[in-house]
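Trainee: Sharing a structure with you now.
The values are calculated or read from the model by the stated rules, or taken from the named source; none is laboratory data. Values in this document were obtained by computation on a predicted structure and should not be read as measured data. So basically every Cβ, Gly included, is an ideal-geometry build from the backbone, and we count neighbours across all protein chains shown.
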Amino acid sequence: MFQEMSVTGTPAFLRARRSGTPEHHRTCSLSTGPPRGVLHVVGTSLKAILNRSAPPSSKFFSVKCTSNVQYSISPPPQETSHLSPIPLNGNSVLLIRMSRASQFENDSKLSVRYYGENKEVLGKAVLHLTAVEISLDVDADRDGVVEKNNPNKGSWKWGPNGHGAILLVNCDSERSYGKKPDTEQNYVSRVSDLKDMSVMVLRTKGPAKLPEGYKLTMHISQGDAESVRVFRSGSAEAVNNSLHKLFYNYFVKDYPLVLSSEVLSQEVPYLGGVAEMTLYVEGLRFPDKDFNGLISINLSLLEPISAGLPETPIFTDRVVFRVAPWIMTPNTLEPVEVFVCSTSDNNQFLKGMRNLVGKSGYKLKICHEYVNRGDRWMQDELEFGYIDSPHHRFPVVLDSPRDGLLLDFPYNELLGPDFGYVTRVAQRKDVSSLDSFGNLEVSPPVTLNGKNYPLGRIIIGVAFPTATKGRNMTKVVQDFLWAQKVQEPIALFSDWLVVGHVDEFMTFVPAPDRKRFRLLLASPDSGYKLFRGLQKNGHGQAKLFEGLRDEEPITVDDILNDESLQSENNYVQSCIDWNRDVLKRELGLEDEDIIDLPILFKLVEEEEKEYRAVAYYPDMVNMIVLGRNLGIPKPFGPKVNGRCALEAEMCSLMEGLGLKCTFIDDFASYHKLLGEVHCGSNVRREPFDFKWWNLEM
């Protein structure tokens, strides 16, 4: 039944809009010809410009509608009887809204009568209205549940009070044969693959079918299509069949591809009645220099105009995802697995590692020689990290462009179900020793000038800023690290070393006080201080390297009398001090947060008479941290009363923090090859408890 509404009040839908609720307006044409069918989306309003469709000489109008239709007139007319026609102004606009979905097509109606100067009827425009509810929904509040029509679903905001859905890069592999990352196949290989994707739900409510010619279309931009795919669940016509539900949750053929780089737009079925269609959104690539991580997916309702002409969109709903970043794990997080290589000459090293890992209570995984092909530098080939979302998380290995003989290990041995893989490919001419991941570390959480870094900060080594030539970490890797945003990188000067890795002069260990960690730095000054103390106490003839095969022992006196060695270590100390100042500034550290370790270096001549440094004796800072247990290169220092003075000093410094030192003999199999315990091992650790999306940016 028609009702004639008062135009002097403010309808509820306008009050809501004025209070801040988003409102979609769509201009709708009126015609005094035959009645026109209009499809209306609940939550939006139709805007009819009354003067545009009025017959010539029209001066007044009136409006009638059925009970499910509300309208308002702008500008509001002066107070008048609801039975009297309303003066028609040149800018009179009718705003129409329906409060609930229709049960049947054209079950609601609105009419506008136009009158002349003497109130005679000049024409009548009639709209037959069908209302539908449509929403494309995601987990915009990040609680693991896809809520209905969150007003913030179309944008992203960082922080604990932020909003926006999260997408994982589907970089693991569910395949049982022909292993490759799931991102490289445009189909769902197993139903277990769906947990790596984000759920998106298309919710609709309305009549059994849309009016003739109307359709729903999902679409993405060409740019976003490189970063995302969308699948939908099951056969639309069988969603109410419980037996079918059982089977489409098993057979992957029931997850058809909706959107991809080849399909930017596709019609999706309107199911009728009250219905939900589950879709699965798959991330394809990580944030990088050319991709900020944000992806938009759109759903449009298209209206037919005439046969042979394109449909036009009358409503679009949009959702936004941010791709989860790759996150590194610092030494202060709990270990899960320790990885080392077995080679023909490292039995002594493996014995020490088995002992350390066994008493620490973690898993030890040994990469045998038929896999590593003699490449022992497990740290340099890969870096462990993870990706996280409210619905799922899993470890992801970053494969270095170094590509030594271990190059196949991360892909062949680690990639698998719930273990992802990512790499950055560089031109071989651009790759240097600084691209090995002993040159990639991350700090524990820190606060700097009031800004929190709850996931720590990535640390890389590069050439000195004023150097006209030198080695740097390749640009594609640096760009990738910076683009993750959540662990803002710090660049240190490491090119003064022959190998050039930051792990040769620094590491972090857990601590019970202050910032909950200490920064350990190699310090030639501390080394000379220790040796001078030994000399002063009558131990100048104590020898380093005593008992080592093929190694000439040297006394403390000889070291202290070597002026050239002293000069070289003065240079090394200046390089480390430059980095010390950078770390203090960029991590908010004080001197009390830093422990200097007694380590000496020596310079060796390279090409073009360039000199770079290597450790003089096993570099104790290049350690493995397993909870409270430290695996430290055995330094073979001078013995005093039967005990190595360097080991004694190290234990004294660490045991004050509640840490236990285990010294591992890596002299022949690692130190002589310019590496140590950390270089030859790697640790996968538990993720942070902190959720990256809660960062304040």
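Trainee: For R318, which of the numbered conditions (1) modelled with pLDDT of 95 or more; (2) surrounded by 17 or more Cβ atoms within 10 Å (Cβ to Cβ); (3) assigned by TED's automatic domain parsing to the domain that holds K195 fails to hold?
Mentor: (2)
Trainee: Which one of these is crowded, with 16+ Cβ neighbours inside 10 Å, modelled with pLDDT of 95 or more and not hydrophobic (A, V, I, L, M, F, W, C): R580, R628?
Mentor: R580
One line per residue, one yes/no per condition, for (1) under 20 Å from V621 (Cα atoms); (2) surrounded by fewer than 22 Cβ atoms within 10 Å (Cβ to Cβ):
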| site | (1), (2) |
| --- | --- |
| A491 | yes, yes |
| L497 | yes, no |
| P512 | yes, yes |
| R516 | yes, yes |
| P524 | yes, no |
| K536 | no, yes |
| G540 | no, yes |
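Trainee: Scan segment 355-377 and give yes if some residue there is in a loop (DSSP other than H, G, I, E, B), in contact with a Cys (Cβ under 6 Å, 6 or more places away or on another chain) and not basic (K, R), otherwise no.
Mentor: Taking every residue of segment 355-377 in turn, at least one turns out to be in a loop (DSSP other than H, G, I, E, B), in contact with a Cys (Cβ under 6 Å, 6 or more places away or on another chain) and not basic (K, R).
Trainee: Looking only at segment 392-417, which residues are in a loop (DSSP other than H, G, I, E, B) and of a type in the set (A, V, I, L, M)?
Mentor: Of everything in segment 392-417, those that are in a loop (DSSP other than H, G, I, E, B) and of a type in the set (A, V, I, L, M) turn out to be L405, L406, L407, L415.
Trainee: Taking the options L440, L406, name whichever one is within 27 Å of L356 (Cβ to Cβ), out of contact with any strand residue (DSSP E or B) (no Cβ under 6 Å at 6 or more places or on another chain) and assigned by TED's automatic domain parsing to the domain that holds T507.
Mentor: Exactly one of L440, L406 is within 27 Å of L356 (Cβ to Cβ), out of contact with any strand residue (DSSP E or B) (no Cβ under 6 Å at 6 or more places or on another chain) and assigned by TED's automatic domain parsing to the domain that holds T507, namely L406.
Trainee: Right, here's the next one. Give R471, R457, R428 a once-over and let me know the one that is touching a Leu at 6+ places or on another chain (Cβ under 8 Å) and over 20 Å from M328 (Cα atoms). Talk me through it step by step, then tell me what you get.
Mentor: Working: R457 fails: over 20 Å from M328 (Cα atoms); R428 fails: touching a Leu at 6+ places or on another chain (Cβ under 8 Å).
Every option except R471 fails the conditions.
Trainee: Anything in segment 97-114 that is farther than 18 Å from L210 by Cα and of a type in the set (A, V, I, L, M, F, W, C)? List them, or say none.
Mentor: Result: L110, V112.
Trainee: While we're looking at this one, here's another question. Tell me whether segment 280-292 contains one or more residues that are free of Cβ contacts under 8 Å to residues at least 24 places away in the same chain and either in contact with a strand residue (DSSP E or B) (Cβ under 7 Å, 6 or more places away or on another chain) or part of a strand (DSSP E or B) (or both).
Mentor: no
Trainee: Go through G213, G223, G178 for me and flag whichever is in a loop (DSSP other than H, G, I, E, B), small (G, A, S), outside the structural domain of S102 (by TED's automatic domain parsing) and free of Cβ contacts under 8 Å to residues at least 12 places away in the same chain.
Mentor: G178
Trainee: Given (1) surrounded by fewer than 20 Cβ atoms within 10 Å (Cβ to Cβ); (2) under 24 Å from E610 (Cα atoms); (3) in contact (Cβ under 8 Å) with a residue 24 or more places away in the chain, identify the lone condition not met by L434.
Mentor: Looking at each condition in turn, L434 falls short on (1).
Trainee: Something else now. For residues in segment 61-94 being hydrophobic (A, V, I, L, M, F, W, C) and assigned to a loop (DSSP other than H, G, I, E, B), which is modelled with the highest pLDDT?
Mentor: L88
Trainee: Please go through segment 351-407 and pick out each residue that is crowded, with 20+ Cβ neighbours inside 10 Å and aliphatic (A, V, I, L, M).
Mentor: M353, L356, V357, M378, L382, I387, V396, V397, L398, L406
Trainee: One residue is enough: does segment 312-320 have a residue meeting the conditions out of contact with any Ser or Thr (no Cβ under 6 Å at 6 or more places or on another chain) and of a type in the set (A, V, I, L, M)?
Mentor: For segment 312-320, residues out of contact with any Ser or Thr (no Cβ under 6 Å at 6 or more places or on another chain) and of a type in the set (A, V, I, L, M): present.
Trainee: Would you check which residues across segment 555-590 are aliphatic (A, V, I, L, M) and assigned to a helix (DSSP H, G or I) and list them?
Mentor: Answer for segment 555-590, where residues must be aliphatic (A, V, I, L, M) and assigned to a helix (DSSP H, G or I): V556, I559, L560, L565, V572, I576, V582, L583, L587.
Trainee: In segment 633-692, what count of residues is obtained for those that are assigned to a loop (DSSP other than H, G, I, E, B) and either touching a residue at least 60 places away in the same chain (Cβ under 8 Å) or not acidic (D, E) (or both)?
Mentor: Residues meeting the conditions: 29.
Trainee: Look at V274 and say whether it is closer than 30 Å to Q103 by Cα and either surrounded by 15 or more Cβ atoms within 10 Å (Cβ to Cβ) or of a type outside the set (D, E, K, R) (or both). Steps first, answer last, please.
Mentor: Numbers: closer than 30 Å to Q103 by Cα: yes; either surrounded by 15 or more Cβ atoms within 10 Å (Cβ to Cβ) or of a type outside the set (D, E, K, R) (or both): yes.
So V274 fits the description; yes.
Trainee: Let me ask something additional. Could you tell me whether G420 is closer than 30 Å to A140 by Cα, small (G, A, S), out of contact with any helix residue (DSSP H, G or I) (no Cβ under 9 Å at 6 or more places or on another chain) and assigned to a strand (DSSP E or B)? Quick ask: steps written out before the conclusion?
Mentor: On the way: closer than 30 Å to A140 by Cα: yes; small (G, A, S): yes; out of contact with any helix residue (DSSP H, G or I) (no Cβ under 9 Å at 6 or more places or on another chain): no; assigned to a strand (DSSP E or B): yes.
No, not satisfied.
Trainee: Taking segment 610-635, which residues are charged (D, E, K, R), within 37 Å of the chain's Cα centre (by Cα) and closer than 16 Å to M353 by Cα?
Mentor: R628
Trainee: Ok, one more. Looking at segment 591-605, can you tell me whether even one residue there is within 14 Å of V446 (Cβ to Cβ), touching a residue at least 24 places away in the same chain (Cβ under 8 Å) and not in a loop (DSSP other than H, G, I, E, B)?
Mentor: Looking through segment 591-605, at least one residue is within 14 Å of V446 (Cβ to Cβ), touching a residue at least 24 places away in the same chain (Cβ under 8 Å) and not in a loop (DSSP other than H, G, I, E, B).
Trainee: Moving on to the next point. Of the residues that make up segment 104-125, is at least one of a type outside the set (S, T, N, Q), on the phi > 0 side of the Ramachandran plot and free of Cβ contacts under 8 Å to residues at least 60 places away in the same chain?
Mentor: Among the residues of segment 104-125, at least one is of a type outside the set (S, T, N, Q), on the phi > 0 side of the Ramachandran plot and free of Cβ contacts under 8 Å to residues at least 60 places away in the same chain, which makes the answer yes.
Trainee: Among the residues of segment 636-655, which ones are out of contact with any strand residue (DSSP E or B) (no Cβ under 9 Å at 6 or more places or on another chain), among the small types (G, A, S) and at negative phi?
Mentor: Across segment 636-655, the qualifying residue is only S652.
Trainee: Write out, first by first residue and then by second, each pair whose Cβ atoms fall under 9 Å of each other, whose residues are 6+ apart or on separate chains, and whose first residue, in segment 136-151, is within 22 Å of Y270 (Cβ to Cβ) while the second is among the hydroxyl-bearing types (S, T, Y) and surrounded by fewer than 17 Cβ atoms within 10 Å (Cβ to Cβ).
Mentor: Qualifying pairs under 9 Å: V146/T278.
Trainee: Another question, then. Can you say whether F531 is more than 30 Å from G627 (Cβ to Cβ), assigned by TED's automatic domain parsing to the domain that holds E592, of a type in the set (F, W, Y) and in contact with a helix residue (DSSP H, G or I) (Cβ under 7 Å, 6 or more places away or on another chain), as far as the supplied structure shows?
Mentor: Answer is yes for this residue.
Trainee: Any residue in segment 537-554 that is of a type outside the set (S, T, Y), over 46 Å from the mean Cα position of the chain (by Cα), in the same structural domain as S432 (by TED's automatic domain parsing) and part of a helix (DSSP H, G or I)?
Mentor: No: segment 537-554 contains no residue that is of a type outside the set (S, T, Y), over 46 Å from the mean Cα position of the chain (by Cα), in the same structural domain as S432 (by TED's automatic domain parsing) and part of a helix (DSSP H, G or I).
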